[in-house]
Amino acid sequence: MQWQFGDDKQWTRLAEIRGETRQPFIYDDNADERFRDRLDLDETTGSLTIKNTITAHSGPYKLHIRTRIRTLQQKFFVTVYDKVEEKSVNEGSVTLNSDTEIQRDDLILWMFGHEDTVIAQIKGWTVETYDGADGRFRGRLELDEETGSLTITDIETEHTGLYKLLIISSRGTSCKKFRVFKQ
């Protein structure tokens, strides 16, 4: 049994239980420092635990189980959210900062509400904003094509709530959450 992290281009071995001895091995000292001293492997169940998670732990994980008869593979996608940043506004506009610089191969997704409705995205050099299912964002969204920061103009009560930013790139996946409320 072996746990890996990465993507289809490159997988990094995290932990494994070897054959008949059922001896667990943890590879948290590999070139990728994000897992150092954070991994536990249950030798009975094979469950992998990541302690003190950070957003850099977001991404695809793969589990290989080899038996005498066959090999099973299961993929998981784990998302670790940073703390929720709160933004208060009386009137006018509010900007939700991505704190990043966009690279050409990045996918930037802005979502609203607990349903994660996509309201804006950047893919390659294409920048798009959406009105939302009920049209509440019509003409109110501005997306910075260099940073991915989102500005909501002429904010009303219907624009308050939870916003999520998902950045998917070759460097990894990161998430930020914002709660916008009106005073």
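The values are calculated or read from the model by the stated rules, or taken from the named source; none is laboratory data. Just so we're clear, the structure is a prediction, and the values are computed from it rather than from any experiment. Positions of Cβ are generated from backbone atoms using ideal geometry, with glycine treated the same way; all protein chains shown enter the neighbour counts.
Some values worked out for this structure:
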quantity	calculated
Lone qualifier among 83, 123 - being loosely packed, with under 15 Cβ neighbours inside 10 Å and closer than 22 Å to residue 182 by Cα	83
Which numbered condition residue 141 fails, given (1) modelled with pLDDT of 95 or more; (2) closer than 24 Å to residue 79 by Cα; (3) crowded, with 17+ Cβ neighbours inside 10 Å; (4) among the hydrophobic types (A, V, I, L, M, F, W, C)	(2)
Options 63, 39; residue that is surrounded by 11 or more Cβ atoms within 10 Å (Cβ to Cβ) and modelled with pLDDT of 95 or more	63
Residue check for residue 146: at negative phi, assigned to a strand (DSSP E or B) and in contact (Cβ under 8 Å) with a residue 12 or more places away in the chain	no
Residues of segment 59-77 that turn out to be out of contact with any strand residue (DSSP E or B) (no Cβ under 6 Å at 6 or more places or on another chain) and assigned to a strand (DSSP E or B), as a count	2
From 62, 87, 75, residue being touching a residue at least 12 places away in the same chain (Cβ under 8 Å), more than 30 Å from residue 40 (Cα to Cα) and touching a Lys or Arg at 6+ places or on another chain (Cβ under 8 Å)	87
Which numbered condition residue 13 fails, given (1) of a type in the set (D, E, K, R); (2) touching an Asp or Glu at 6+ places or on another chain (Cβ under 6 Å); (3) surrounded by 12 or more Cβ atoms within 10 Å (Cβ to Cβ)	(2)
